[in-house]
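The values are calculated or read from the model by the stated rules, or taken from the named source; none is laboratory data. Keep in mind that this is a model prediction, so the values were computed, not measured. Here Cβ is always computed from backbone atoms with ideal geometry, including for glycine, and neighbour counts include all displayed protein chains. Please note that ligands, DNA and RNA were not included when accessible areas were found on the heavy atoms of the full protein model with its side chains. Shrake-Rupley method; radii C 1.70, N 1.55, O 1.52, S 1.80 Å.
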Amino acid sequence: MSAPQSTLDLSPRPGAAPRSAMLRAQTVMELKLQGRNAEQVLLTMVIPLVLLVLGSRADGIVDLGPGRTIDIITPGILALAVLSTSFTSLAIATGFERRYGIIKRLGASPLPRWGLLFGKITAVVIVEIVQLAILSGAGIALGWDPQGGVVAFGEALVLIVLGTAAFGSLGLLIAGTLRAEANLAVANLVYVLLLVGGGLLVPLSRYPEAARHVVELLPSGALGQGLRDAFAGQGAAPFAIVVLLVWTVCASLLVSRTFKWE
């Protein structure tokens, strides 16, 4: 009695890779592109770390109000890190991807457009986790003493998620509507303006009253002051959460209507 013969099927089976594999590959590619870009590393990591070290010794130069300088500066630096990654870095990278036709070419691949956004958002979240871990560790090494326990960290997490969503939506808004050069200039200009006068590093109580009412309506002012209040053990103000939520909803709606993929 002879054994049954097995057949070897060599017919081609074309088709896209599993969706999970495509999303994972896109996320890894976004992280590699950010890691290889020296300007991105400078913007997202070096500048916040340098400002944290210098700011911790700024009590003799700038009056930040009552309290220890390091306890005021560190939450502001965490807010700055969120701005750097989810707004400036995302806007500049996406703008040049549009200019060089990268997004258009990806549109011809099996990767869906929402998959492209998923990869960008996931990469932003991963970079922020690394950023916040390093900056928080550096702040603690410099003497930062966050108050409020687990509740404060929960409030901070809510603020950071909303801040990331708001700044990310704004970044995609300008990247998807402006030319790459204009997008680069606007992203850097907004970064500098918010860094200097957007309520990130300086508490809102130190601003003139008229300016304070404007700054507290900015996403930077809401995030910076919200984190300072949370880590001071005072609880994040509901007003800051509402401000970030409104910016997120409005900017997301505008992105969905105006973003140009080519």
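If you scan the range 71-98, which residues turn out to be over 19 Å from Leu223 (Cβ atoms) and of a type in the set (Val, Ile, Thr)? Spell out the reasoning first.
Of the range 71-98, the ones over 19 Å from Leu223 (Cβ atoms) are 92-98.
Hits for the range 71-98 are Ile92, Thr94.
Which is touching a Pro at 6+ places or on another chain (Cβ under 7 Å) and assigned to a helix (DSSP H, G or I), of Ala93, Ala81, Ala138?
Details: Ala93 fails: touching a Pro at 6+ places or on another chain (Cβ under 7 Å); Ala138 fails: touching a Pro at 6+ places or on another chain (Cβ under 7 Å).
Matching residue, one of Ala93, Ala81, Ala138: Ala81.
Looking at the range 213-240, I want the residues that are under 18 Å from Trp144 (Cβ atoms) and have a partner that is open to solvent by 10 Å² or more (accessible area, probe 1.4 Å) and of a type in the set (Asp, Glu) with Cβ atoms under 8 Å, at least 6 apart or on another chain. Which pairs are those?
What qualifies is Gln225/Glu216; Gly226/Glu155; Ala230/Glu155; Phe231/Asp71; Ala232/Asp71; Ala236/Glu155; Ala236/Asp229.
Of all residues being among the aliphatic types (A, V, I, L, M) and at pLDDT below 80 in the range 90-124, which is nearest to Phe167 (Cα to Cα)? Just the residue, please.
Looking only at the range 90-124, we keep the residues that are among the aliphatic types (A, V, I, L, M), and these are 90-93, 102-103, 106, 108, 111, 116-117, 121, 123-124.
After this cut, where a residue has to be at pLDDT below 80 as well, the list is 102-103, 106, 108, 111.
Working: Ile102: 23, Ile103: 21, Leu106: 24, Ala108: 28, Leu111: 25 Å.
Per the criteria, the residue is Ile103.
Identify all residues within the range 1-44 that are of a type in the set (A, V, I, L, M, F, W, C), modelled with pLDDT of 80 or more and more than 20 Å from the chain's Cα centre (by Cα); write none if there are none.
Start the filter on the range 1-44 by keeping residues that are of a type in the set (A, V, I, L, M, F, W, C), which leaves 1, 3, 8, 10, 16-17, 21-23, 25, 28-29, 31, 33, 38, 41-43.
Then keep just the ones that are modelled with pLDDT of 80 or more; that gives 21-23, 25, 28-29, 31, 33, 41-43.
Listed by number, the residues that qualify are Ala21, Met22, Ala25.
Quick test for you: out of Leu83, Leu106, pick the one residue that is open to solvent by less than 60 Å² (accessible area, probe 1.4 Å) and over 21 Å from Tyr191 (Cβ atoms).
Numbers: Leu83 fails: over 21 Å from Tyr191 (Cβ atoms).
Just a single option satisfies the conditions, and that option is Leu106.
Give me the residue from the range 141-177 that is open to solvent by less than 40 Å² (accessible area, probe 1.4 Å) and outside any helix (DSSP H, G or I) and, out of that set, modelled with the lowest pLDDT.
Of everything passing the filter in the range 141-177, Gly176 is modelled with the lowest pLDDT.
Before we move on, is Val130 surrounded by fewer than 16 Cβ atoms within 10 Å (Cβ to Cβ) and under 13 Å from the mean Cα position of the chain (by Cα)? Even if it seems obvious, please write down each step before you answer.
Working: surrounded by fewer than 16 Cβ atoms within 10 Å (Cβ to Cβ): yes; under 13 Å from the mean Cα position of the chain (by Cα): yes.
Spelling it out, Val130 is indeed surrounded by fewer than 16 Cβ atoms within 10 Å (Cβ to Cβ) and under 13 Å from the mean Cα position of the chain (by Cα).
Six or more apart or on different chains, Cβ atoms under 9 Å: show the pairs whose first residue is in the range 17-44 and without any contact (Cβ under 8 Å) to a residue 60 or more places away in the chain and whose second is surrounded by fewer than 14 Cβ atoms within 10 Å (Cβ to Cβ) and not in a loop (DSSP other than H, G, I, E, B).
Pairs that qualify, where the first residue is without any contact (Cβ under 8 Å) to a residue 60 or more places away in the chain and the partner is surrounded by fewer than 14 Cβ atoms within 10 Å (Cβ to Cβ) and not in a loop (DSSP other than H, G, I, E, B), are Val41/Gly35.
Is the range 51-59 home to any residue that is modelled with pLDDT under 90 and either of a type in the set (Ser, Thr, Tyr) or buried (at least 21 other Cβ atoms within 10 Å of the Cβ) (or both)?
yes
Could you say which residue among Pro219, Pro203, Pro238 is of a type outside the set (Ser, Thr, Tyr), farther than 25 Å from Ala91 by Cβ and open to solvent by less than 40 Å² (accessible area, probe 1.4 Å)?
Within the list Pro219, Pro203, Pro238, the selection yields Pro203.
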